Amino acid sequence: MSKGEGTGFLNGDENAKGLEGTGVTLPVNRHGNLQKASSDQQLKEVMHNIKSSKNPAVINYGASWCRVCSQILPTFCQLSIEFPKLSFVYADIDECPETTLNIRYTPTFHFFRDGERVDEMLGAGEERLHDRLWLHS
């Protein structure tokens, strides 16, 4: 879905924590490897941590108004449990406008290894996402 298209919000469940100012809710994550960047400053810090730690990571660039993003986000969160050695980050393009300027399609997934971006996946697809995560973990 292109930037600016679509409607809809992800509805959380009773085990979820709310994200103020958005319609997006992320579940509580027992591994601590799932986080949300709610501002350009937070996303810059996340990127700095990814580059300095050199741990494998994936960033999901989405938007609360994007129906496809809302559909894949629960899977993204569930996969963070299956891949505890990967860092999972959700960044809303509307909350991080400066740092997501080059993101033209939502959802977009960026995969990092050794502090460098090594792969990109446009669009959703549970099996595609799982396979990419397996490949980069």
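The values are calculated or read from the model by the stated rules, or taken from the named source; none is laboratory data. As the structure is a computational prediction, the values presented were derived from the model and not from experiment. Note that we place each Cβ from the backbone using ideal geometry, even for glycine, and neighbour counts take in every protein chain shown.
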Item to check | Criterion violated by residue 65 - all others in (1) at pLDDT below 90; (2) over 27 Å from residue 135 (Cβ atoms) satisfied | outcome: (1)
Checklist outcome for this item: Considering residues that are among the small types (Gly, Ala, Ser) and surrounded by fewer than 20 Cβ atoms within 10 Å (Cβ to Cβ), the number found within segment 68-115 is 1
Checklist outcome for this item: Residues of segment 65-93 being part of a loop (DSSP other than H, G, I, E, B) and either free of Cβ contacts under 8 Å to residues at least 40 places away in the same chain or not charged (D, E, K, R) (or both), in sequence order, are 65, 66, 83, 84, 86, 93
